[in-house]
Each structure stands twice: as C-alpha cells, then as structure tokens.
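Colleague: Below: one structure in structure tokens.
The values are calculated or read from the model by the stated rules, or taken from the named source; none is laboratory data. All of these numbers come straight from a predicted model, not from anything done at the bench. Glycine gets a Cβ as well: all are built from the backbone with ideal geometry, and neighbour counts include every protein chain shown.
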Amino acid sequence: MKSKGKTNAIRILEQMGIHFETREYQADESDLSARAVALKVNLPLEQVFKTLVLKGDRTGHLVAVIPGNREADMKALAALSGNKRVELIDLKDLQPLTGYVRGGCSPVGMKRHFPTYIDESARSFPFISVSAGVRGMQVLMNPHDLLRATSGSWGKISREG
C-alpha cells in the first residue's frame, strides 16, 4: 500500500510539537464507518473517534469529536455551544467547508477554525484515534493534545446509538 504522505492535520501536529503516530489502512469506500476503521487499525470502537461537522442556529458551524460506538447528543451539543438547535451539515458541504471528505475528516487542520467539542470519554484513554485528514489514515494521540491542537472543549456530547 502506497503511503498517503503528510496531510494538513499531520503538518499542524508536527508544527505544534505534539507526539502522535499514524496508522494506515486500506479504506473501503462502501464502508467508511468507525466500526470498519476500528477493525482495520486494531483498536476498540470506543477509542476510535469520529469527526462530525454541524451547524448551530445561533453560532454557525461547529465540530464534534465522539467515540465510534456512540452518536451525537444534539441537545447537549446545542446547549454546550450556545445554540437552541444543531444539525449535521449536508454531505455536499463538507469538503468546501473543511477541505476534507467524508471518511477522512480530521478535527485538526480544517480550512477554517470552528469551535470544537470533544466527548469527555476521550479523557479515559491514554490515546485516541482520529482521522489524519485522508481516507485510510488515522492519527493516534493523547486526547489532551487533541484538545490543545483544536483549541477545543470537553463535553458530554454523545449517547448510546
């Protein structure tokens, strides 16, 4: 498998002096689920975090980073972000807005900085896995370093799926 090289997310982490490791895998465009990624990078599903881009009715776009075995708690996200309501953006808007594609959306290094909320469950792991910014590559890093890299906030933002 050909290496996917350096992504914007990886360049930013390196510039910030943040320790991380990458895991590359063969992405399957017919199954971009967190479950499939977890199997390919050999990690528990709750340690593989997915990046969601949403829009609030008051504050505009925001990012949620939640465990692969859970779904976003829209009410909690709205309250935490100062909105009455939040909803996922249309898939067609993801790449123009973030520079990333579905299945390769990293919370680090989007075209513009958006308020980022990381599920507090991440703090219970020595490292978590998030997209490196391209399909087929994950970044494994300390969740506190991810918080710093995204200027994020912790929150109870996920629930059982």
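Colleague: Within region 55-80, restricting attention to residues that are within 17 Å of the chain's Cα centre (by Cα) and of a type outside the set (A, V, I, L, M), which residue is farthest from Y117 (Cα to Cα)?
Modeller: The selected residue is N69.
Colleague: So V48 passes all but one of these: (1) more than 14 Å from M137 (Cα to Cα); (2) touching a Gly at 6+ places or on another chain (Cβ under 6 Å). Which condition number does it fail?
Modeller: (1)
Colleague: For region 142-156, what are the residues that are of a type in the set (A, V, I, L, M) and either free of Cβ contacts under 8 Å to residues at least 12 places away in the same chain or surrounded by fewer than 22 Cβ atoms within 10 Å (Cβ to Cβ) (or both)?
Modeller: L147
The rows are residues; the columns are (1) touching a Cys at 6+ places or on another chain (Cβ under 6 Å); (2) modelled with pLDDT of 95 or more; (3) more than 18 Å from G103 (Cβ to Cβ).
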| site | (1), (2), (3) |
| --- | --- |
| G5 | no, no, no |
| A9 | no, yes, no |
| E14 | no, yes, yes |
| D57 | no, yes, yes |
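Colleague: Here is a check on your reading of the model: is I128 crowded, with 20+ Cβ neighbours inside 10 Å and either at pLDDT below 95 or farther than 21 Å from V86 by Cα (or both)?
Modeller: In short, yes.
Colleague: If the requirement is being hydrophobic (A, V, I, L, M, F, W, C) and within 13 Å of the chain's Cα centre (by Cα), which of these qualifies: V108, V86?
Modeller: V108
Colleague: Can you confirm whether Y100 is in contact with a Leu (Cβ under 9 Å, 6 or more places away or on another chain), among the aromatic types (F, W, Y) and closer than 14 Å to S158 by Cα?
Modeller: no
Colleague: Further question: Output yes when any residue across region 119-131 is acidic (D, E) and under 20 Å from N8 (Cβ atoms), and no when none is.
Modeller: no
Colleague: Being in a strand (DSSP E or B), in contact with a Phe, Trp or Tyr (Cβ under 8 Å, 6 or more places away or on another chain) and within 19 Å of G17 (Cβ to Cβ), is that true of even one residue in region 140-150?
Modeller: Yes, region 140-150 contains a residue that is in a strand (DSSP E or B), in contact with a Phe, Trp or Tyr (Cβ under 8 Å, 6 or more places away or on another chain) and within 19 Å of G17 (Cβ to Cβ).
Colleague: Also, I was wondering about something else. Is it the case that A122 is over 14 Å from L52 (Cα atoms), at pLDDT 95 or above and not aromatic (F, W, Y)?
Modeller: So A122 passes the test.
Colleague: Can you pull out every residue in region 1-49 that is under 15 Å from V134 (Cβ atoms), touching a residue at least 24 places away in the same chain (Cβ under 8 Å) and not hydrophobic (A, V, I, L, M, F, W, C)?
Modeller: Hits for region 1-49 are K4, T7, N8, R11, T22, R23, E24, Y25, Q26, E29.
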